[in-house]
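Here the structure comes first, spelled out in structure tokens, and everything after it is commentary.
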Amino acid sequence: MIAYVARRGGGGLAVLLAVALVVFVLFETLDSDAATVILSRAGGGDPTPEQLAALRAELGLDRPAPVRFADWLIAFVQGDFGHSLISGRPVGDVLLGRATNSVALALLTATLLIPASLALGLLAGARAGSRTDRVISVGALAAESVPSFVFGVVLVATVSLSLGLLPAVSLLPTGASVWERPEILVLPVTCLLIGLAPHPVRMVRAQTAEVMTSPYVKTARLNGITGARLMLRHVAPNAVSASIHPLAGSVVGLIGGVAVVETLFSYPGLSQELLRAIESRDFPFVQSAAVLLAAVGIGVHLLADLLTLLVSPLARQVAMGDRA
């Protein structure tokens, strides 16, 4: 088990290094840098070569690219995310302030997403072919076929503009917590759930329907085990264990989904700050944010692997066999 975790952890670190390198290379291919953006905004025109050279030297952008990447990487590993090239503020402070709102949105969505997906998938799969199964399956397929931002626009047009029940944009006073205005979370969370729930619902439904036809479930029924006892002791554990990775994929999908929803509802989260940083060519902020977001995704998948090993004897056997 320890060797398996160490191997997966090492692979995750390699992926993070690759993400950092790709982001850095992409930044290097841009036609401008932070010095150009700062001088253009300050002077309202094209800066002179002398001005650019002086500011690049001040910001450290005149150093060779490998040196800048190595310096950033060493500092990042030590917990120093650097300073914003635009505002001069520590990147860690900016990330903490904005990421708190994004984490609140993601955690609330995940808290609702996981049990809802399991419940609907188990309900449909346990009654495969029934009217309940058809309603849930068709609804999930329809929701999965439509981009989530379309649902967001429809929610804004109906719930906010037509009915006036909830705010169309998630306005929040500076320094305030989103929990002080929980109404601004309703539409973003609803939009995320509609976009992310269909896939795990369908996967759980498929696994449950397969388990229901397995020999050990038929044997349990012959022994008089039916109803809730059959579902809780024999069907649900096996169906859920096989559905952990689809659920993990949906949780990781929150990273991209949150970015879309935050933009659509003007939610004061990390994505708006990240878009401004990209526009301003603020390399330390974009680089650190990208690697941290990738780390979250890798961590979720690693957690899913560990949960699968805990609940599935077959998965443990395969992991031990790989180690051997």
Quiz prompt | Placed amide H near His83: partners under 5 Å, 5+ positions off or other chain | solution = Val91
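Calculate, for the range 73-156, the solvent-accessible area per residue in square angstrom, rolling a 1.4 angstrom probe over the heavy atoms of the protein chains. Before the final figure, lay out each step's value.
Values: 4510 Å² over 84 residues.
Value for the range 73-156: 54 Å² per residue.
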Quiz item: Expressed as an acute angle from 0 to 90° and rounded to the nearest 10, what is the orientation of the C-alpha long axis of helix 49-59 relative to the principal long axis of the chain?
Solution: 50 degrees
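Could you please put Arg56, Arg276 in sequence from largest to smallest accessible area, using a 1.4 Å probe?
Arg276, Arg56
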Quiz item: Distance in nm between label sites at Glu50 and Ser162, each 7 Å beyond Cα in the beta-carbon direction?
Solution: 6.4 nm
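Stretched out fully, how many nm does the piece from Val103 to Ala18 gain, at 0.36 nm a residue minus the Cα gap?
Working: separation 85, 0.36 × 85 = 30.60 nm, distance 2.45 nm.
That pair, Val103 and Ala18, stretches by 28.1 nm at full extension.
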Exercise. State the extension gain, in nm to one decimal, for the chain segment bounded by Thr111 and Val25, taking 0.36 nm per residue of separation less the distance between their alpha-carbons.
Key: 27.3 nm
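With +1 on each Lys and Arg Cβ and -1 on each Asp and Glu Cβ, how big is the dipole of the chain about its Cα centre, in debye rounded to the nearest 20?
Values: 22 positive and 21 negative charges, 380 e Å.
With Lys and Arg at +1 and Asp and Glu at -1, about 1820 debye.
Given a 1.4 Å probe and every protein chain left where it sits, what share in percent of the accessible area of the range 60-167 is carbon and sulfur? Please list the in-between numbers first.
Working: 4190 of 5950 Å².
Ligands and nucleic acids excluded, carbon and sulfur reach 70 percent.
By the gyration tensor of its Cα atoms, with a ≥ b ≥ c the square roots of the eigenvalues, what is the shape of the chain: rounded for a/c under 1.5, prolate for a/b over b/c, or oblate? Don't jump to the answer; show the numbers that get you there.
Working: a/c = 3.16, a/b = 1.65, b/c = 1.92.
The shape class here is oblate.
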Quiz item: Across the range 192-200, in residue order, what do the Karplus-derived ³J(HN,Hα) couplings come to in whole Hz, using 6.51 cos²θ - 1.76 cosθ + 1.60 with θ = phi - 60° and x for Gly and Pro?
Solution: 5, 5, 5, x, 9, 6, x, 4, x
Quiz item: Under 18 Å from the 7 Å Cα→Cβ point of Val153, by amide nitrogen: which residues of the range 183-200?
Solution: 188, 191-192, 194-195
Quiz prompt | Residue-normalised accessible area of the range 203-248, given per residue in Å² at a 1.4 Å probe | solution = 54 Å²
Quiz prompt | Estimated vicinal HN-Hα couplings, Hz - the range 79-94 in sequence order (Karplus 6.51, -1.76, 1.60; Gly, Pro = x) | solution = x, 9, 8, x, 10, 4, 6, 8, 9, x, 6, x, 4, x, 5, 5
Quiz item: Just going by the charge dipole of the chain, with Lys and Arg at +1 and Asp and Glu at -1 on Cβ, which of Pro49, Tyr216, Ala294 is farthest out on the positive end?
Solution: Tyr216
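Using helices alone, I'd like the mean residue ellipticity at 222 nm for the chain: each DSSP H run of four-plus residues gives -39500 (n - 2.57), total over residue count, nearest 500.
Taken over the chain, the calculation gives -24000 deg cm²/dmol.
Rounded if a/c is under 1.5, else prolate if a/b is larger than b/c, else oblate: which is the range 10-119, with a ≥ b ≥ c the root eigenvalues of its Cα gyration tensor? The partial results should precede the final answer.
Values: a/c = 2.60, a/b = 1.81, b/c = 1.44.
Prolate shape, in that a/c is at least 1.5 and a/b is the bigger ratio.
Can you sort Leu306, Leu13 by 1.4 Å-probe accessible area, starting with the largest? Each step should come with its number before you reach the end.
Details: Leu306 55, Leu13 120 Å².
Largest to smallest exposure gives the sequence Leu13, Leu306.
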Practice problem: For Glu28, tell me the accessible area in Å² from a 1.4 Å probe, rounded to the nearest 10. | Solution: 80 Å²
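The values are calculated or read from the model by the stated rules, or taken from the named source; none is laboratory data. Quick caveat: nothing in here was measured; it's all calculated off a predicted structure. A quick note on method: Cβ atoms are made from the backbone with ideal geometry, for glycine too, and the neighbour counts reach across all protein chains shown. Areas reflect the complete protein model, heavy atoms only, side chains present, ligands, DNA and RNA absent. Shrake-Rupley method; radii C 1.70, N 1.55, O 1.52, S 1.80 Å.
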